[in-house]
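The values are calculated or read from the model by the stated rules, or taken from the named source; none is laboratory data. Computed from a predicted model, the values in this text were never measured in an experiment. Here the Cβ is made from the backbone with ideal geometry for all residues, glycine too, and neighbour counts use every protein chain on show. Protein only, heavy atoms only, side chains kept; ligands, DNA and RNA dropped before computing areas. Shrake-Rupley method; radii C 1.70, N 1.55, O 1.52, S 1.80 Å.
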Amino acid sequence: MTPPSRKRTSVRDVAAAAHTSVATVSRVLNNTGYFAEETRVRVIKAAEELNYHPSLRAKGLRQKRSYTIGLLIPNLLNAYYTALADAISQLLTKAGYQLLLSSTRDDPVLEQATLRQLIGQDVDGLLWVPTVGDTKTVDVLLSQNIPCVSIVRRVDRDRLDTIVFEDLAGSYAATQYLIQLGHTRIGFIGGDISYNSNNDRWLGYCKAMQEAGLAMDESLVKIGTVRDTWGSIATDELLRMKEPPTAVFAASNAIMPGVMKMLLQHQVAVPREMSLICFDDLDWFTFSNPSISAISISHERIAESAVALLLQRIENPEENRRRPVLMNISFELLLRKSTVAPRKSAPRWK
């Protein structure tokens, strides 16, 4: 049996029910031009009774826009990216745009395919956490004249509008604070440094250690993937060292569950036996026992800045002739109970 075809109520249907013209219905629904109050009441009543919803596709065809924005993020498992996507979605909805959300899982092949699909969807603009951000990919985006803002990570030679965090400065501040507490052996667990955000966080750690005159012990630096499993593996390696660190700096919230799991497994007391600080702040950090010190980076601020910049480029085409913008979002060092002066006795778990 063939299913019934979908029939959408049109502006003409509303006009017929309200006993007025299509032009008048359009003025009432868009709240533009002149119309009598009695006419407005009739039109609104007819639209509600007919369950009328404007066609965004038709609107887009008339105005040569799709009123959709593409957002590419590495994954939806990272709580920070989930919160960022939600904030962006809310802002775009208020501005009259729909969001097309895709997860690349930091897979360059999947990222390229997704970008092609979004371009084929005629999106009005893109917000993108790049996996590669190479010259070829940026060339394609620029050739399509699609406004695009790179967020969290930078692309080759900053050829696109870019909004990033002060990753190096934030990591430097976290490491420097641990050094001020008296720590000299600080473990660093970070993500793949081929991504500039991870690389800058590693460089911030190195800078603080070097400026304090502390020798760089490569065995204290664990660079891998931004996954909780990497947090477990790296923490286990640090705890099994002949001379383990007295503090651990986790350079991403995605690493933290694995770090916490391994500290519990080894029965390491935080902060008495091991101080702990994280780049990124999550709600549960305040409820943890002890509460976890962190570098706080606001997803609301980067969402607001990215959406505002993208919509400015979309709605003012002459803006696209201006040079790309590079904007840095500041951080806040939140000191809680997971960081204290280093232990004086030998580690109990050894």
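Annotation note: of 100, 84, 77, 127, the sole residue that is touching a helix residue (DSSP H, G or I) at 6+ places or on another chain (Cβ under 7 Å), open to solvent by 30 Å² or more (accessible area, probe 1.4 Å) and of a type in the set (A, V, I, L, M, F, W, C) is 100. Filtering region 287-311 to residues that are part of a helix (DSSP H, G or I) and open to solvent by 70 Å² or more (accessible area, probe 1.4 Å) leaves 287, 300, 301, 304. The residues listed here are 70, 170; of these, the one that is closer than 18 Å to residue 199 by Cα, outside any loop (DSSP other than H, G, I, E, B) and either aliphatic (A, V, I, L, M) or modelled with pLDDT of 90 or more (or both) is 170.
Taking region 77-110 as the range and being touching a strand residue (DSSP E or B) at 6+ places or on another chain (Cβ under 8 Å) and either among the aromatic types (Phe, Trp, Tyr) or at pLDDT below 90 (or both) as the test, the residues that pass are 81, 97. Residue 206 meets each of the listed conditions (1) within 24 Å of residue 164 (Cβ to Cβ); (2) modelled with pLDDT of 95 or more; (3) buried (at least 19 other Cβ atoms within 10 Å of the Cβ); (4) among the hydrophobic types (A, V, I, L, M, F, W, C) apart from (3). Exactly one residue out of 162, 114 is in a strand (DSSP E or B) and of a type in the set (S, T, N, Q), and it is 162. The residues on offer are 250, 254, 212, and the sole one that is crowded, with 18+ Cβ neighbours inside 10 Å, among the small types (Gly, Ala, Ser) and at pLDDT 95 or above is 250. Right, residue 83: closer than 24 Å to residue 284 by Cβ and touching a residue at least 60 places away in the same chain (Cβ under 8 Å) or not? Here the answer is yes, as residue 83 does meet what is asked.
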